[in-house]
Every structure is written in structure tokens, then in C-alpha cells.
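Down below is the structure, laid out as C-alpha cells.
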Amino acid sequence: MEQFYHGSIHPSICLVKEEMTAADRKAFEDLQKSVDQLTKDKEGLEQPLKDLEGKQKMVVPAWTESSVAAAVNVGLFDALDGGSSDFYRFVTLLKRKGVI
């Protein structure tokens, strides 16, 4: 069987259609299973990722409103929203310790 190659296509890529061997078919099925599992894994990570993203840029939580207001009053920052949960915890600690 003659093999045809075109331009910059790698010589190991054959452009002649051949039937899959049993080994090729097994490898292809294994690859399909891997892709299916990766797709399921990706879907399982979407909600936790959204949850994490939501904690990185959030509206001022009610439990820290007075601390944020105190920080704004002393000029530490001017935006009320958009901080992370860690940021709001830190601002709350600053107020509790009397820094702001």
C-alpha cells in the first residue's frame, strides 16, 4: 500500500485510510474512557471553582460592614465591594485591635 505525505505534515502521519487493528481499537477505547473520565472530573470541579471565585471578589459581608465603614472613614480604601473573604477578615481584625 502506497503512503502519501503532504507538505509539512510529519512523515509518521499517513494519509491512507487503514482498518484499525485490535490493539488500535483497544487503545482508542481506552482513550475514549480517559476523555469521558476527564470530562466528568471537569464537571465536578466547576461548582467548587465558582465557590472559590465568589470568595475572591465579593460584596461586603454583613459581619464586617462596620469594620469596612471604619476603614473607609480613615481613608484606607475607597471601594466598599470587591474584596476577598480574607481581606474582609483582616479589616475586621484591624478594627477589633483598634488600628482603625
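The values are calculated or read from the model by the stated rules, or taken from the named source; none is laboratory data. Everything numeric in this text was worked out from a predicted model, so none of it was measured. Virtual Cβ from ideal backbone geometry, glycine too; neighbours counted across all protein chains shown.
Exactly one residue out of Leu76, Leu49, Leu93, Leu45 is within 31 Å of the chain's Cα centre (by Cα) and part of a loop (DSSP other than H, G, I, E, B), and it is Leu76.
Please work out if Val35 is modelled with pLDDT of 90 or more, of a type in the set (A, V, I, L, M), farther than 30 Å from Lys97 by Cβ and out of contact with any Cys (no Cβ under 8 Å at 6 or more places or on another chain). Please lay out each step first, then the result.
Working: modelled with pLDDT of 90 or more: yes; of a type in the set (A, V, I, L, M): yes; farther than 30 Å from Lys97 by Cβ: yes; out of contact with any Cys (no Cβ under 8 Å at 6 or more places or on another chain): yes.
Yes, satisfied.
Could you grab me the full set of residues in the stretch 56-67 that are of a type in the set (Val, Ile, Thr) and either within 14 Å of Val99 (Cβ to Cβ) or exposed (fewer than 15 other Cβ atoms within 10 Å of the Cβ) (or both)?
Matches in the stretch 56-67: Val59 only.
Being out of contact with any helix residue (DSSP H, G or I) (no Cβ under 9 Å at 6 or more places or on another chain), loosely packed, with under 10 Cβ neighbours inside 10 Å and modelled with pLDDT of 90 or more: is that true of Ala27 here? In short, no.
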